[in-house]
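Below is one structure; the comments refer to it alone.
What follows draws every value from the coordinates through simple rules; no lab data is involved. Because the structure is a prediction, the values reported are computed rather than measured. Backbone-built Cβ (ideal geometry, glycine too); neighbour counts: all protein chains shown.
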Amino acid sequence: MNPNQTKQYQLVIFDWDGTLMDSIGKIVDCMQCVAKELSLVVPSEQQVRDIIGLSILPAMEKLFPHNADMYDELLEAYKNYYLNINVTPSPLFDGIENVLSQIQAAGHTLAIATGKRRAGLDRMLSETGLGKYFVATRSADEAESKPHPSMITSLLDELDINAEQTVMIGDSKLDIAMANNAGVSSIAVTYGAHSLEDLLSQNPTATVNKPTDILLHL
């Protein structure tokens with residue numbers, strides 16, 4: 001896409017895992033370790049990547065469809081691994097804070113729509129120092145799971161911004177499908193959970209290969 005032909009967006013909504021933070025490896029490791037601990041069939045890396053972006057219960061249902069009686073146990077074990085046991089690093093992607101700073105300085109409103117639960121999102125916003133960039137956030141326990149549009153539509157209602165003035169940025173086909181369902185534009189990032197082929201299947205408005213390229217489409 002020629003940057004000279006892009007539209008100006010008032011609201012820029014970011015996904016978190018795989019878009020702002022390089023946490024895919026940690027999520028995969030934790031989910032596989034939990035399956036081993038509970039003597040369940042261990043999902044492949046690709047199977048875990050495919051559920052990234054979903055809220056935790058729909059994710060469990062996809063990965064462990066025959067173990068509904070264990071979902072509470074699975075969730076607690078996953079939280080324990082993620083917070084207390086697994087030491088796989090989850091750095092911000094290179095240059096991402098500079099990108100956020102430039103978007104904010106240009107006068108855009110920034111928000112988050114994530115499959116993380118509220119407690120996890122708030123912890124990450126605090127630990128990374130990124131909270132100062134976002135005026136509103138939606139987490140998995142405050143809306144329907146992606147690709148349902150409610151995360152986006154509730155942000156539009158809160159901020160009194162039109163869908164035509166909004167773009168969703170994410171690494172998952174679920175992010176792009178959610179944007180389509182909400183009637184907003186989308187930027188798919190190819191450095192996260194899902195392949196370019198998967199992302200293109202949802203017809204994003206644009207695709208980028210690195211965080212700094214996001215700026216070309218705003």
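Just a few scattered comments:
- Bins of 10 Å from zero: percent of alpha-carbon pairs in segment 30-121: 14, 40, 26, 15, 5, 0
- A simple spin-label model places the labels of Leu215 and Asp122 3.3 nm from each other, with each point 7 Å out along Cα-to-Cβ.
- GNM result for the chain, Cα springs below 10 Å: residue of Pro147, Pro43, Pro91 fluctuating most strongly: Pro91
- Across Lys116, Lys132, Lys173, mean-square fluctuation computed from a Gaussian network of the chain (C-alpha pairs under 10 Å connected) peaks at Lys132.
- Relative packing of peptides 119-125, 20-26, 84-90, 154-160 - highest average C-beta neighbours within 10 Å first: 20-26, 119-125, 154-160, 84-90
- A straight Cα-to-Cα reach below 22 Å connects Lys79 with the lysines Lys26, Lys36, Lys62, Lys116, Lys146, residues fewer than 8 places away in its own chain not being considered.
- Here the Karplus curve 6.51 cos²θ - 1.76 cosθ + 1.60, taken at θ = phi - 60°, turns the phi angles of segment 75-80 into couplings of 4, 5, 5, 5, 4, 5 Hz, with x standing for Gly and Pro.
- Full-extension gain in nm, Val87 to Tyr191, via 0.36 nm per residue minus C-alpha separation: 35.3 nm
- Ellipsoid fit via the Cα gyration tensor, the chain: semi-axes of 29, 17, 16 Å, each the root of five times an eigenvalue, largest first.
- Once the convex hull of all Cα atoms in segment 15-64 is built, its volume per residue stands at 65 Å³.
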